[in-house]
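Enquirer: Have a look at this one.
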Amino acid sequence: MPEPITATVLFVIWGVSVTWEYLVGALISATLSPFVAWLLLKSKKGIQKAKKRLIGTSFLIVGPPETGKTSLLNYFMFGHFPDTHPPKKTVMPSPINAFSIDKGGEFKLDVKKNQDFPGEFHPDQQAAMIANINPNCLIVMLTVHSKKWLEEFLASLSTTLYINRNVEKKLLSLVIVINKIDTVGSDEAKRISEEFSKNANEYLKKKFILREKIPVFPCSLFKEENGERYGNIVLSIMLNQLKSKKPMLEIIND
Ligand SMILES: Nc1nc2c(ncn2[C@@H]2O[C@H](COP(=O)(O)OP(=O)(O)O)[C@@H](O)[C@H]2O)c(=O)[nH]1
Ligand SMILES: [Mg+2]
């Protein structure tokens, strides 16, 4: 074959093979890139989830039955309220996966794996179960009728803290909430909050060095517009307390 023809044939063969390689390459990357993207996205989500589980804040809401524990949890998790999304009765401690509270601005908190407690569990049982969770934040959710429950709970909580020093170290935030104040007059709500505050703080002071006064916050999660406002105040009290990074209740060693 004359040389120019051989050169042309070789050039065409080379051209076809290069184009073919490009085509195969393009096909492979077109097939794989969504998979790679999906894999990357999944691992990113997985990493975020694992991060929340490992370094997220754990919080727990305890209290007698029907005080609004699940309602507050629902608000933190989904922004739902009792009048629009009636919560189901909590029969067993219900595990909750890690989630993020995000109410805009600074009102953000990554929450570790958690539990929703049934109020039917006695105050001493609830206080004992705290040792399984080691919460950083503890919300005691009451109503104006919960005076005796609070007394029993604080006594049992003290025992839990004395027995399990890890609980003492981890507990950075403690808020007592008196919910359903819409069911009593505002004067009554104020009087009872002051009484609960005095009793709780005086009792705890005998057993612990308090980092700060334990807040007793009158609240109403009933109406959507109120609920959001009250829910955010509880969240902001928690976030403020968390900033200190020091245990809320320190055991008095004598
Ligand atoms: N009146 C009134 N009812 C409320 C308030 N918060 C929650 N509830 C209602 O109280 C009931 C018990 O609430 P839930 O969150 O299940 O309480 P939990 O048993 O402590 O978990 C539900 O029907 C709620 O809609 C409130 O501030 N005021
Ligand atoms: Mg409940």
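The values are calculated or read from the model by the stated rules, or taken from the named source; none is laboratory data. Note that the structure is a prediction, hence the values are computed from the model and not measured. For neighbour counting, all protein chains shown are included, and Cβ atoms are generated from backbone atoms with ideal geometry for every residue, glycine included.
Enquirer: Please work out if residue 124 is under 15 Å from residue 62 (Cβ atoms) and more than 16 Å from ligand 2 (Cβ to nearest atom).
Expert: When the stated conditions are applied, residue 124 passes them.
Enquirer: Mind checking which pairs have a first residue in region 214-232 that is more than 11 Å from residue 178 (Cα to Cα) and a second that is part of a helix (DSSP H, G or I) and within 16 Å of ligand 2 (Cβ to nearest atom), Cβ under 6 Å, 6 or more apart or different chains?
Expert: That search, which allows pairs on different chains as well, returns 231/75.
Enquirer: Within region 150-162, does at least one residue satisfy the condition of being more than 16 Å from ligand 1 (Cβ to nearest atom), hydrophobic (A, V, I, L, M, F, W, C) and surrounded by fewer than 17 Cβ atoms within 10 Å (Cβ to Cβ)? Write out each step before concluding.
Expert: Of all residues in region 150-162, those more than 16 Å from ligand 1 (Cβ to nearest atom) come to 151-152, 154-162.
Filter once more, so that each one left must be hydrophobic (A, V, I, L, M, F, W, C): 154-155, 157, 161.
Those still in the list that are surrounded by fewer than 17 Cβ atoms within 10 Å (Cβ to Cβ) too: 155.
Within region 150-162 (the criterion being more than 16 Å from ligand 1 (Cβ to nearest atom), hydrophobic (A, V, I, L, M, F, W, C) and surrounded by fewer than 17 Cβ atoms within 10 Å (Cβ to Cβ)), the answer is yes, since at least one residue qualifies.
Enquirer: Here's a follow-up. Which strands (runs of 3 or more DSSP E) does region 49-129 wholly contain that include 1 or more residues that are modelled with pLDDT of 85 or more and within 16 Å of ligand 1 (Cβ to nearest atom)?
Expert: Passing ranges, in order: 59-62, 94-96, 114-116.
Enquirer: Residues of region 190-230 being more than 16 Å from ligand 2 (Cβ to nearest atom) and hydrophobic (A, V, I, L, M, F, W, C), which ones?
Expert: Result: 192, 196, 200, 204, 208, 209, 210, 214, 216, 217.
Enquirer: Hey, does region 157-169 have a residue that's under 24 Å from the mean Cα position of the chain (by Cα), within 24 Å of residue 78 (Cβ to Cβ) and assigned to a loop (DSSP other than H, G, I, E, B)?
Expert: No, that holds for no residue.
Enquirer: Also: Only one residue in 166, 114 is out of contact with any Ser or Thr (no Cβ under 6 Å at 6 or more places or on another chain), in contact (Cβ under 8 Å) with a residue 40 or more places away in the chain and not charged (D, E, K, R). Which one?
Expert: Answer to the selection: 114.
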